[in-house]
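A short write-up of the structure that comes next.
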Amino acid sequence: MLPTLHSAIRRNLLRWYKNNKRDLPWRGTRDPYAVWISETMLQQTQVNTVIPYYEKFMSRFPGVDELARAPLPKVLRLWSGLGYYRRAENLRQAAQQIVRLHDGEIPRDFAQLRALAGIGDYTAGALLSIAFGKPYPAIDGNARRVLGRVLRITSEPALRAAAEELISRSQPGEFNQALMDLGATICTPKNQRCADCPINSLCASRSRPHAPSTLGSRRPLTFKNVVWPLAIVRHRGKILLRRRATNGLLAGLWELPGNELNGKQSLAALFGNELKGAQLSFTRPEKLGEIRHAITHRRIWAPVYLLDLTGNSRARVPLAGWRWIAPENLQELATSSMTVKALAIFSNHEKNLR
Ligand code: SF4
């Protein structure tokens, strides 16, 4: 790449970023802990969704020590609804590693950062550039798409090499964030606004409407469509939740009983199986609504049903790891995102009855 092209791209991007950067709560700080938490939350999650979670998390766990000492259920509870819970577990585990191996200081070294739980090339690059001012690229989906288009690069190694060459030595954090912001606001996946773009005169894909981004995402995801009925079992103002196993998908979270419906299995058979051992009898399920959700590679359609215990049932907790809880106390528990959505339908249903 020509040095003059480099410097023109850097200059235009940095100038544009100075005047147009998004106003986000983590933008005002170079505190490595704040950068780490925000960058982790932003993976796979929209900025607007992240903001309230970030603010709550930072006020409850303001530093590495507090996070390292926190019991996992408390961390998961604050994460409840944000999805991809492995991120929260890794944050806590990495905080413990930082306390144990680095005296509580987030390391400034790429290899040491990469050795921490949950920190990949992107997060390490974001931390080093934004918090410590070191010239490491941080290539997220937005930066990958912008660079792929501007330079018409089609391979990951070539993209990485170009990013390392291109990054600003004096303002690496601003440069990385400028690429991310440009990809999020102007050079978007489907409708790039080349006329408003600060590097349009330098871009190899300029004004090619819908020019395909060769590197917008690493690989196309294939989804499996599933039907996953959920049961809100109610008794005397409380509902029944169960806790998932402490390993595997959504480990340790509380959820409504339900499962993937197999083949011709009936709803009654599914709920009967899910509540096996409960020795409870219910009214006929009343459908309250439905939600759409995605977990890993599953696209889930989840109809939500209300079941009341019939008079003769003894509402004892069926098995270890289950509990009755009043809806107003749900914030005590870390619940899965699907459960949060289903309970919002339940709450609307209750309000409409009043
Ligand atoms: S000129 Fe168009 S394609 Fe090129 S970086 Fe800007 S918005 Fe993207």
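The values are calculated or read from the model by the stated rules, or taken from the named source; none is laboratory data. Computed from a predicted structure; not experimentally measured. In this analysis, Cβ positions are derived from the backbone assuming ideal geometry, glycine residues included, and neighbour counts consider all displayed protein chains.
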Among residues of region 205-233, those that are exposed (fewer than 11 other Cβ atoms within 10 Å of the Cβ), modelled with pLDDT of 60 or more and among the basic types (Lys, Arg), counted: 1
Counted residues, region 137-150 - those being in contact (Cβ under 8 Å) with a residue 40 or more places away in the chain and more than 16 Å from the ligand (Cβ to nearest atom): 1
Test set (1) surrounded by fewer than 21 Cβ atoms within 10 Å (Cβ to Cβ); (2) modelled with pLDDT of 95 or more; (3) assigned to a helix (DSSP H, G or I) - Ile98 fails condition number: (1)
Members of region 266-283 found to be at pLDDT 85 or above and part of a loop (DSSP other than H, G, I, E, B), listed by number: Ser266
Test result for Glu89, assigned to a helix (DSSP H, G or I), at pLDDT below 95 and more than 23 Å from Gln177 (Cα to Cα): yes
Search result, residues across region 195-209 that are more than 6 Å from the ligand (Cβ to nearest atom) and part of a loop (DSSP other than H, G, I, E, B): Pro198, Ala204, Ser207, Arg208, Pro209
Residue pairs meeting the criteria (Cβ under 7 Å; at least 6 apart or on separate chains; first without any contact (Cβ under 8 Å) to a residue 12 or more places away in the chain, in region 190-210; second within 6 Å of the ligand (Cβ to nearest atom)): Arg193/Ile186; Asp196/Ile186; Asn200/Cys194; Asn200/Arg206
